[in-house]
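> Sharing a structure here in structure tokens format.
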Amino acid sequence: MTDILAEVSSVSHGKDVYEAIKVWCPGCDTLKDSTGSRSSGLHMLPISGDVNARPTWEWNGDLVKVTLNPSILTKYRMEEKGEFVCHSFLRNGIWEFLNDCTHELAGQKVPMVPLPKWALN
């Protein structure tokens with residue numbers, strides 16, 4: 001079986017139904033060292049539906065060389081270490097981590113990594 005870098009899933013919350021793309025962020029994955037959460041790198045980003053109900057990303061339709069707009073910003077408050085920030089663009093299958101990230105990938109470009117098997121539909 002080939003590694004899966006991204007997957008689209010249907011999401012339903014009552015009357016709110018939309019499609020979301022699942023990707024694994026290696027920057028956010030560094031959070032698991034502090035929180036113990038195995039899912040800290042998983043992003044499910046809405047790519048369809050009511051743009052007034054939630055943020056929605058533009059997607060290029062490619063599941064290998066994923067491009068999403070706008071940027072992806074994750075903030076998490078950790079009592080012992082302060083605020084965790086992961087701010088990136090995903091362009092042509094490459095994570096572009098911005099300099100305001102608080103993890104070691106800040107300012108770097110990193111290829112997408114496969115989704116963990118437990119996160120697949």
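Please treat every number below as a calculation from the coordinates, not as lab data. Worth saying up front: this structure is predicted, and the values here are computed from it rather than measured. Ideal geometry is used to build each Cβ from the backbone, glycine not excepted, and the neighbour counts take in all protein chains shown.
> Looking at G82, G107, G61 in this structure, which one is small (G, A, S) and under 16 Å from K22 (Cβ atoms)?
It is G61.
Results for (1) more than 16 Å from the chain's Cα centre (by Cα); (2) crowded, with 16+ Cβ neighbours inside 10 Å; (3) free of Cβ contacts under 8 Å to residues at least 60 places away in the same chain; (4) farther than 29 Å from T2 by Cα, shown as yes or no for each residue.
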site: K15; (1), (2), (3), (4): yes, no, yes, yes
site: S40; (1), (2), (3), (4): no, yes, yes, no
site: V64; (1), (2), (3), (4): no, no, yes, no
site: S71; (1), (2), (3), (4): no, no, yes, no
site: K81; (1), (2), (3), (4): yes, no, yes, yes
site: W95; (1), (2), (3), (4): no, yes, no, no
site: C101; (1), (2), (3), (4): no, yes, no, yes
site: G107; (1), (2), (3), (4): yes, no, yes, yes
site: V113; (1), (2), (3), (4): no, no, no, no
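> Could you say whether any residue in the stretch 26-38 is touching a residue at least 60 places away in the same chain (Cβ under 8 Å), farther than 16 Å from L5 by Cβ, among the β-branched types (V, I, T) and assigned to a loop (DSSP other than H, G, I, E, B)?
Yes, that holds for at least one residue.
> Sticking with this one: Within the stretch 83-93, take every residue that is among the hydrophobic types (A, V, I, L, M, F, W, C) and more than 12 Å from the chain's Cα centre (by Cα) and give me the one that is nearest to S48 (Cα to Cα).
So the residue we want is V85.
> Next up: Confirm whether V110 is out of contact with any Pro (no Cβ under 9 Å at 6 or more places or on another chain) and outside any loop (DSSP other than H, G, I, E, B).
Taking the combined requirement at face value, the residue does not satisfy it.
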